[in-house]
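Chemist: The structure's right below; bear with me while I get my questions together.
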Amino acid sequence: MNRSSHSLPRRHFLRGLGVTLALPALESFGEKAKPARRLVAINIPLGFHGPNFFPTTEGLGYETSDYLRPADPLRDRFTVISGTSHPGVDGGHSAEKSFLTAAPHPGARGFRNTISLDQFIAARIGAETRFSSLTVGDDSLSWTANGVAIPSQRSPAKLFETLFVSGSRDDVSKQRQRLQDGHSVIDTVLAEAQAMQGKISAADREKLDQFFTAVRETEKRLAKSERWLETPKPKVESAPPREVGSGDVVTWLRSHFEVVRLALATDSTRVVALSGANHSLVPPLPGVSMGYHGLTHHGKNPEMIRQLEVIERGTIAAWVAFLESLRDTPDGEGSLLDHTQVLMGSNLGNASGHITTNLPVILAGGGFKHGQHLAFDGKNNHPLATLFVSVMQEMGIESGEFASGKGTMRGLV
Amino acid sequence: MIFRPAIVLLLLLPLTVSSADFGGDLVPFLEKHCLECHDDLSAKGGLDLQAALDQGLKGTGPVHLWTRIHDRVRDGEMPPAKQPRPDAGETGGFLERLAPDLAVGDRNLREVVLRRLNRVEYEYTMRDLFGIEVDLVDLLPEDQAAGGFDNNGEALAISAELFEQYPVAVRRVLDEVIQFGPRPESKTVTISSLREVEPYLGKQYAHLDGRISTYMTEKTQYSKISTRDQRTPQRGRYRFRFTAAAVNTDEPLVFAVTASDFKSAGAVYKNLGYFEAGKEPRPFEIEAVLDKGFAIQFFALGLPLYVRDPTIGTHPGIGWSEVEMTGPLHETWPPAPHSALLGDVDPDKATLADAREILIRFLPRAWRREVAEEEVEVPLALVAAALEEGRPFEESLHLGFEAALCSPNFLFLREEGEGDRIPDPALASRLSYFLWSSLPDPALHGASVAGRLSDPAVLAAELERLLEDPKCGRFVEQFTGQWLGLRRIDETTPDTKLYPGFDELLQVSMVRESRSFFAELLAGDLPITNFLDANFTMLNGRLAAHYGVPGVSGLEMQAVPLPPESVRGGILTQAAVLKVTANGTNTSPVLRGVWVLENVLGKHLPPPPPNIAGIEPDIREATTVREQLDLHRNAESCAGCHRYIDPPGFALESFDPVGAFRTHYLRFAVNPEHADKGWGRVVASKPVDASGELPTGERFQTMEEFKALLLAESDRFAFALTERLATYALGREMGFSDREALAAIAVKTKAEGNGFRTLVRNLVLSPLFAKP
């Protein structure tokens, strides 16, 4: 990938070569394109040990914490947030489902999720990139408006393949035929569903409506795939990453971060939801001999906490490296970090007790001034979804509320 | 407490209850006994009765609320014990006035909503429809669940993420079925692991009597003893023959065989079974359908993870010979599934008329009903258009199948009809999806199309036939997977320091115990009280050792009578159930208690109030979970539910996270001199206190005493089990208006000996089972 600080969008460059490409709507020539805004939302499902994570003082001059000390050189690029959670979101590990949706009682019988932040944004800006969003990691953070989880990609190598590896020319014409066949099949299926409508009960009709919506959405995706069929996938200089599983917690996370950076740099997508490791395997880190999940249930055992710290420091180091790599990647007039918000948090405030309040949250990047520890009330938490509203507005999305967030997050600058 | 379902005369009820009509006759009772705490000002516990009355009974929220109000008054939970109590007459009157309206409001929620095939049913349906072995679940996103099961019509969503995968699945199926090409040559090759093992001979491996032996259990999913040197040349059925023997031991040892393609990006691993190797070498034969590029590998189980100089001395191990691989195997060519679907059509000469013939044969089975001629023309039109474009016959036909199998006629169970009974073809599907997770076979399909299922004798006979069929094992797996939580068996890895004996074989055995116990009760029509306590269980050698039951050997599960002093017997003492209700390191009386309440006693509790600080366990032995919970239970807002949740949870504290019986909690004490290496040992800490008191005041000291109390309430369990079965069988949640029907089934079953098979039969033959 050409890393020179070209200020023009890549499509302009291709056009100049006289290559005819069936491209989606283009900005006009000669105009400096406004840099696209991006979001990477990260959930670390097994949380962070609170006493090590949260700074004890607040405001702009806050004293950094044990875990955040390695991030201090970047301190003016992020805001630490404490005293927040999603009202009504309990259920320990099930709260993962609600991290980006804020839907209450995810562990209850008959729970129905609502749309997640990344999907809400993708619905508004996703048409402009080949992939409207990416859902990555061990579990899925991404939920559609009718409560369906979008499957996540666990493997960094496969993610890379999806983003940057194309089939042969022959494959492309087969793909086109397949997409066209897809349209014909969909027409038939829709006709049959319409024939059914008159014969079924009211409750059934609602379900059939869901069917219609799904089929029509599939059709839109087929059409989008057709439009992008002629556009080759971007070329990147990096080699594909080695295959690594989430058992190797830190290496896997770093690998994912690097592929995500490439995805953003090539404008393959502008919205990423990434879920960290959530398992009982023993990460190959020095001094760690017990499984990750088991360690989070340390029950205050000091030896277990010591081992857990190794893993959590590794996670934070990976996050710091990610921010640094975004800072060092030019994007338009600035860097990727200038135009990308990185929201990292956890659905658990205290994994040992499965407690879902006082969540660890850090917002980095984008256009905020940052540099502070924004502390809300630890006994009466502030709704985390106000942060989501602030994030969306920074991306230029005009939305005044999101789930339990009825406005922007006060104090965030 | 006597369990008495409400009896209501549903026939005389109106169809809806308007808010204006509702509740006037309830006001006197509510004013006298409830309004002090539950008016709009105090609204204790979040309940404002005035608002509840105004809301009426329309929709899920109000119906659930009023059901809860009804039940709490019926069970004497409300008014609370400290308040003046209404007398039996007042309570009875209140319930009698509420019940009819509540039944009507509930009934409007209880229709089976157009139910799509979930992904398990989708795969089994394709397998049975085409007669092939194929994996499809991995292609489809996870299903939604409600009421504890993932075959709930209302909950199962259809999304673009799901729908766009269906054509991919159809392609995989058709690639397997349609074989117009020449018969692939079946070859036999002999594969040795020597090349890979050779550098390690005399170190970790030995080569004796033509067998390569290992003395350690592998930690990873990779074994050097494999057929990797010659992988499967193409997708097909293969037979693997080899001999194996246990080395340096008289006891048989267990090994596992897995198949993998070893692809670096997302390798697939399939378990092909567990086997016992004895002192005498004996031959083994395994057959499996595998994709191209697969190899099998061998894993010895139950051996140490590390042995120094294992080939020296008399360490026990297992040795395997070279493997003879034969395949791809085909009994006939073209294979039977191809001929069944396509007849003997020649793709070079076939025409649209041939395609029409094929679809006319195919559609009624695929769509599980009679199909009119005009309906066949719809998918056929796609075939016609493709043929006209000059596309090959196979490709054109593919489009017709894709349209048929992406149609709502295939994807949904269609149950439209008039009146109180779904039509026979729908009933046949309901029955086969209940017991086989799949479509009706030709015999059942035929009976339904001829309208014979409305004859109870025919329905009963079909039921028996389906129960006898091996496909019934799918019901056992899917139902126990969800009712007993067995699907979650892999979710936690027990702490290896505290529970070093826990291994793969133990986990597999414990799941098999629960499944085969369930199957045994079904096959023998044994009383359902066996679920609560039984004088036998299903064990193999490994699990028997875990439970301390002597005299059991071998890999196969067998019915073993339990000694009278044994604490085992019934689902609450089964290791698999105990594991899925713990978190691998600790147990939680709340988790287990809630499980018992919901799945054994049929009591559903609302979630905890918001902003409750959860308990942070302190396993430095300063306090036990029980001591910490005691702090909660003394708070009024917590006691309401915890007096129900905690007692079963406490009784189950007698079992650790891997289901072993314990008298003391364990902890790992690190040796301060070796703290950096994490060395130490397991020590017993505080003793387990498994005593408790039920809300009725009855006390128990041990698990046995708790089980005795449960048995005294077995009617309640019978109702709960009936409700669970009906929820799964119909694909919808049960509610207030179903109680009469469910109670009738349970009562009839009890009168007929309380057998489990009898219960299933009474459910299937009941009007409830055929209700839309």
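The values are calculated or read from the model by the stated rules, or taken from the named source; none is laboratory data. None of these values were measured; they are calculated from a predicted model. Heads up, the Cβs are rebuilt from the backbone with ideal geometry, glycines too, and the neighbour counts pull from every protein chain shown. With ligands, DNA and RNA removed, areas are computed over all heavy atoms of the protein, side chains included. Shrake-Rupley method; radii C 1.70, N 1.55, O 1.52, S 1.80 Å.
Chemist: Please compute, for peptide A:185-197, the average count of beta-carbon atoms on other protein chains lying within 10 Å of each residue's beta-carbon.
Modeler: Shielding by partners across A:185-197 averages 6.
Chemist: Treating chain A as a set of equal point scatterers at the Cα positions, no solvent, please give the Debye-formula log₁₀ I(q)/I(0) at q = 0.13, 0.15 Å⁻¹.
Modeler: -1.18, -1.48
Chemist: Modelled label-to-label distance, B:ARG699 and A:ASP66, 7 Å Cα→beta-carbon offset: nm?
Modeler: If labels sit at B:ARG699 and A:ASP66, their model points lie 4.5 nm apart.
Chemist: Which residues does a label at B:LEU329 reach in the stretch B:212-238, if reach means a backbone N under 20 Å from a point 7 Å past the Cα toward the Cβ?
Modeler: Label zone hits: B:227-228, B:230-238.
Chemist: Between the stretch B:98-130 and the stretch B:483-513, how far is it from one alpha carbon centroid to the other, in angstrom?
Modeler: 32
Chemist: If you wrap the stretch B:82-186's Cα atoms in a convex hull and average its projection over all directions, what's the area in nm²?
Modeler: It is 12.9 nm².
Chemist: Further question: Scattering from the C-alpha atoms of the stretch A:51-130 alone, worked out with Debye: what is log10 I(q)/I(0) at q = 0.11, 0.18, 0.25, 0.27 1/Å?
Modeler: Debye intensities relative to I(0), on a log10 scale: -0.50, -0.90, -1.02, -1.11.
Chemist: For B:LEU605 and B:ALA443 in the same chain, what is the full-extension length gain: residue separation times 0.36 nm, less their Cα-Cα distance, in nm?
Modeler: Once the chain is fully extended between B:LEU605 and B:ALA443, it gains 53.9 nm.
Chemist: Next up: Going 7 Å from the Cα of A:GLN177 toward and past its Cβ, which residues in the stretch B:375-406 have a backbone nitrogen under 15 Å from where you end up?
Modeler: Those under the cut-off are B:383, B:385-400.
Chemist: Counting just the Cα atoms, what span does the stretch A:243-296 cover along each of its three principal axes? Round to the nearest Å and put the largest first.
Modeler: Largest first, the stretch A:243-296 extends 40, 18, 15 Å along its Cα principal axes.
Chemist: Go ahead and set up a Gaussian network model of chain A, Cα springs under 10 Å, then flag whichever of A:GLY61, A:GLY276, A:GLY345 fluctuates most.
Modeler: Of A:GLY61, A:GLY276, A:GLY345, the Gaussian network model singles out A:GLY61 as fluctuating most.
Chemist: Between B:ALA336 and B:GLN230, what is the FRET efficiency for a Förster distance of 45 Å, r being their Cβ-Cβ separation, to the nearest 0.05?
Modeler: 0.95
Chemist: Would you mind calculating the relative contact order of chain B from Cα pairs under 8 angstrom and at least 6 residues apart, reporting the percent as a whole number?
Modeler: Computed over chain B, the figure is 12 percent.
Chemist: Using Cα pairs under 8 angstrom and six or more residues apart, how large is the relative contact order of the stretch B:153-273, in percent?
Modeler: The normalised contact order for the stretch B:153-273 reaches 15 percent.
Chemist: Select from the stretch A:86-128 all residues whose loss of accessible area on going from the chain by itself to the full protein assembly reaches 20 Å² or more (probe 1.4 Å).
Modeler: Going by heavy-atom accessible area, the residues of the stretch A:86-128 that drop by at least 20 Å² are A:ASP90, A:HIS105, A:ARG109, A:GLY110, A:ARG112.
Chemist: Label point 7 Å out from A:VAL413 along Cα-to-Cβ: which residues of the stretch A:341-370 have amide N under 18 Å?
Modeler: A:363-370
Chemist: Still on this structure, please answer the following. Can you give the accessible area per residue of the stretch A:95-241, in Å², using a 1.4 Å probe?
Modeler: 45
Chemist: As a test of the definition: with a 1.4 Å probe, what buried accessible area, both sides summed, do you compute for B against A, in Å² to the nearest 100?
Modeler: About 5000 Å² of accessible surface is lost on pairing.
Chemist: I need the calculated FRET efficiency for the pair B:GLU251 and B:HIS674, taking r as the beta carbon distance and R₀ as 30 Å, to the nearest 0.05.
Modeler: Efficiency at R0 = 30 Å is approximately 0.30.
Chemist: Kirkwood Rh over Cα pairs of the stretch A:157-307 into Stokes-Einstein at 4 °C, 1.567 mPa s: D in µm²/s?
Modeler: 65
Chemist: Continuing with the same structure: Run the accessible area of the protein assembly as shown with a 1.4 Å probe and give the carbon-and-sulfur part as a rounded percent.
Modeler: Taking all protein chains in place, the protein assembly as shown shows 53 percent carbon and sulfur surface.
Chemist: Then there's this: With r as the distance between the Cβ atoms of B:ARG308 and B:THR190 and R0 = 35 Å, compute the FRET efficiency 1/(1 + (r/R0)^6) and round to 0.05.
Modeler: 0.60
Chemist: To continue, here is another question. Taking θ as phi - 60°, what are the ³J(HN,Hα) couplings along the stretch B:561-570 by the Karplus curve (6.51, -1.76, 1.60), each to the nearest whole Hz, with x for Gly and Pro?
Modeler: x, 8, x, x, 7, 6, 7, 7, x, x
Chemist: Assuming 0.36 nm per residue, please report the length gained on full extension of the stretch A:ARG112 to A:GLU398 beyond their Cα-Cα distance.
Modeler: This chain segment gains 100.4 nm when fully extended.
Chemist: Scan the stretch B:305-393 for trypsin sites (Lys or Arg not before Pro) in coil per DSSP, keeping those whose Cβ has at most 13 other Cβ atoms within 10 Å, and list them by number.
Modeler: Sparse-neighbourhood loop trypsin sites (Lys or Arg not before Pro): B:ARG308, B:LYS349.
Chemist: Then there is this: Looking at the protein assembly as shown, send over the antiparallel percent of its DSSP beta bridges, to the nearest 5.
Modeler: The answer is about 80 percent antiparallel.
Chemist: Right, here's the next one. Starting from the Cα of B:GLU285, step 7 Å along the direction of its Cβ; do the same at B:TYR222; then give the gap between the two resulting points in nm.
Modeler: Computed distance between label sites B:GLU285 and B:TYR222 equals 3.4 nm.
Chemist: Tell me the per residue accessible area of the stretch B:132-222 using a 1.4 Å probe; a whole number in Å² is fine.
Modeler: 47
Chemist: Quick one: Cα centre-to-centre distance for the stretch A:184-259 and the stretch B:561-592, in angstrom?
Modeler: That distance is 42 Å.
Chemist: Once you average over the residues of B:355-368, how many Cβ atoms of partner chains fall within 10 Å of each Cβ?
Modeler: Partner Cβ neighbours, averaged per residue: 0.
Chemist: Right, another one. Which value, to two decimals, describes the C-alpha radius of gyration of the stretch B:267-342 once divided by 2.2 N^0.38 Å?
Modeler: So the Cα radius of gyration is 1.61 times the expected 2.2 N^0.38 Å.
Chemist: Ok, one more. When only alpha-carbon atoms count, how far does the protein assembly as shown stretch along each of its three principal axes, as whole angstroms with the largest first?
Modeler: Taking max minus min along each principal axis of the Cα atoms, the protein assembly as shown gives 90, 81, 78 Å.
Chemist: Two decimals is fine: what is log10 I(q)/I(0) at q = 0.15 Å⁻¹ for the stretch B:489-556, from a Debye sum with one equal scatterer on every Cα and no solvent?
Modeler: Treating every Cα as an identical point scatterer, log10 I(q)/I(0) equals -0.57.
Chemist: On to the next question. Under the definition of partner shielding as Cβ atoms of other protein chains within 10 Å of a residue Cβ, what is the mean value for peptide B:404-415?
Modeler: The per-residue average across the peptide is 5.
Chemist: Find the accessible area per residue for the stretch B:262-343; the probe is 1.4 Å, ligands and nucleic acids are left out, and the unit is Å².
Modeler: Each residue of the stretch B:262-343 exposes 49 Å² on average to a 1.4 Å probe.
Chemist: Please state the relative contact order of chain A as a whole percent: Cα pairs under 8 Å, 6+ residues apart?
Modeler: Computed over chain A, the figure is 31 percent.
Chemist: Two-decimal Rg/Rh of chain B from alpha-carbon positions, Kirkwood Rh?
Modeler: 1.00
Chemist: Filter the trypsin sites (Lys or Arg not before Pro) in the stretch B:50-133 to those in DSSP coil with at most 16 other Cβ atoms within 10 Å of their Cβ, and list the result.
Modeler: B:LYS58, B:LYS82
Chemist: I want to verify a result. In a Gaussian network model of chain A, Cα cutoff 10 Å, which of these has the top mean-square fluctuation: A:ILE125, A:ILE186, A:ILE355?
Modeler: A:ILE186
Chemist: Then there's this: Can you tell me the length gained on complete extension of the stretch B:LYS292 to B:ASP71, counting 0.36 nm per residue apart and subtracting the Cα distance?
Modeler: This chain segment gains 73.7 nm when fully extended.
Chemist: Next up: Just to be sure I understand the model, the point goes 7 Å from the Cα along the line to the Cβ. What's the resulting B:ARG183 to A:GLU226 distance in nm?
Modeler: Going by the 7 Å Cα→Cβ label model, 4.4 nm.
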